[in-house]
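The values are calculated or read from the model by the stated rules, or taken from the named source; none is laboratory data. Keep in mind it's a predicted model, so treat the numbers as computed, not measured. These area figures cover heavy atoms from the full protein model, side chains too; ligands, DNA and RNA do not enter into them. Shrake-Rupley method; radii C 1.70, N 1.55, O 1.52, S 1.80 Å.
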Amino acid sequence: MSSDPLARPAREAKPAWLKVRAPGGAEYRRLKQTLRKLDLHTVCEEARCPNVGECWAAGTATVMILGDTCTRGCRFCAVKTGNPRGAVDPREPEHVARALAELGLSYAVLTMVDRDDLLDGGADHVAATVRALKRRRPQMLIETLVGDFRGQRDAVATVVAAAPDVFAHNLEVTRALTPSIRDARCSYDRSLDVLRMAKQEAPERLTKSSLMVGLGETDDEVLASLADLRAASVDIVTLGQYLRPTPKHAPVVRYVDPEQFARYEQEGQRMGFHFVASGPLVRSSYHAAEAFVATRARPGSEPTEAQQLERLGDSPGVQSSEPGMPVSYVRQASEPPLQLIPAAGLVRR
């Protein structure tokens, strides 16, 4: 077989440690049906995340706002690319806030497509969604996983001022791979600057980033990127295996074994990160990292193992002993029912 990575078969057999159970279970089906009914986009589906079964069975999802069309075209990402031409639904922040309340989540992850067609990159829209969520569910923890806003400090400050519990922006890949894997408008140093700006705007706020491996980087380059993130005062970092979403995307060059991921985690802890999640199937939004945020934001709030088992039941693919699993919210009888916006009304023209 040729050593050229581009010659690797698109559906090369994956190692045993990357095999996951097919999505299923009552909670998974309930959440899928509810998301469709509420006309919400999730990055779980758009980016074809391998953990969708585990996360949805546990009743959590990462909601994508500002539409489902990204103005950038990174070679690792399955989200569709195009030009929304400035179209934004002003009702989306309130709609998302009410929908997430209906879903019964205590930890919400809001991510976004890049919107280079907007002057502020969509920052005001993200901030409006955070504020709407906090009005409706003050006790909900909110993570914003945002783009780089073209490095505009005012845009970063706008999101930070809305007071999300976590400000996240992904470095994605090592410095050497950035030009060939990320969109040409992305920048390794700009991403570090965005994370640094967020920490400067609110030093008490947790910041978070993520790296993919398996695209051709060396282990030393991974460690160098971790050091760069820590130098930017990033608190939480996640590392996971890149999986090729379609044959059109960048090929997998190597499958990093669990032992190496464990070494990344050890090195990250040594560098001083507050929390490191490192494993083949770890992604930006990951239960363990969310649990860490919950314990930091509300010390002593983590549920007991019995409470976790009661909530999760026998949902397939869920590790019910995971510490700090967010506890679901039950809508009060006095709360008005969610008034759905018809799907046709959310079409972005």
* What whole-number value in Å² describes the accessible area per residue of the range 247-289 for a 1.4 Å probe? -> 45 Å²
* **Qualifying lysines (Cα of each under 19 Å from Cα of residue 14; at least 8 residues distant if same chain)** => 248
